[in-house]
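Read through the structure below, which is laid out as structure tokens, and then see the notes.
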């Protein structure tokens, strides 16, 4: 609801939308120092940073709780399946946080920097941070697809198979070396 209100502010005259470099995309006008644009930009950027801090904080709490659980369960029961599931969740949550941080935060930070600047920009840097934020929307679903538990299990089985084959090959090589050494003696 709050997002809809902030997005509707230009419709009621608080802020406006501007076409940004290279002229192919429109966004909140964070390259202008008009009062309405400054208010709109601060609301959008600060809300974005609050969402970022809240998301990171809650996800870090989840990761800490899961790590504690892994340690306790392993110490008490040694249950591998529970540990594996928790590790999948930890990797997934950390991946989401890292991707969100790298791709979304630059836009909010740059919006605040641009509004506070004497010479706000509408160039390649704004284009880059806009593209990063858009990329976040495209990458998130792929994180859900790629980091599924089944995919981790497949990679684990593949690793074990490769490791076992390699170990068997090394063992057979060392056995043949031992036979050769015994024949020499």
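To the nearest ten degrees, helix 80-116 and the longest principal axis of the Cα atoms of the chain are 30 degrees apart.
Taking every alpha-carbon pair under 8 Å whose residues sit at least 6 apart, the chain reaches a relative contact order of 22 percent.
Would you mind checking the tilt of helix 35-76 against the longest principal axis of the Cα atoms of the chain, expressed as 0 to 90 degrees and rounded to 10? Roughly 20 degrees between the two axes. Specify the angular offset, from 0 to 90 degrees and rounded to the nearest 10, of the alpha carbon long axis of helix 149-184 from the longest principal axis of the alpha carbons in the chain. With rounding to tens, the tilt is 30 degrees. Altogether, the Stokes-Einstein calculation at 25 °C and 0.890 mPa s, with the Kirkwood radius of the stretch 89-162 over Cα pairs as Rh, returns a diffusion coefficient of 169 µm²/s.
Given in Å, the Rg to one decimal and the Dmax to the nearest whole number for the Cα atoms of the chain are 26.3, 95. Per-residue ellipticity at 222 nm from helix content only, as computed over the chain with -39500 (n - 2.57) for each DSSP H run of at least four residues, stands at -28000 deg cm²/dmol. When each of 140, 118, 29 is scored by the number of other beta-carbon atoms lying within 10 Å, the sequence from fewest to most is 118, 140, 29.
In this label model, residue 98 and residue 124 are separated by 2.8 nm, measuring between points 7 Å along each Cα→Cβ vector.
Taking every C-alpha pair closer than 8 Å and separated by at least 6 residues, the mean separation divided by the residue count of the stretch 1-98 gives a relative contact order of 18 percent.
Each reported figure results from applying straightforward, stated rules to the coordinates on display, with no laboratory input. These numbers were taken from a predicted model, which means no experiment stands behind them. Methodologically, a virtual Cβ is constructed for each residue, glycine included, from the backbone with ideal geometry; neighbour enumeration extends over all protein chains shown.
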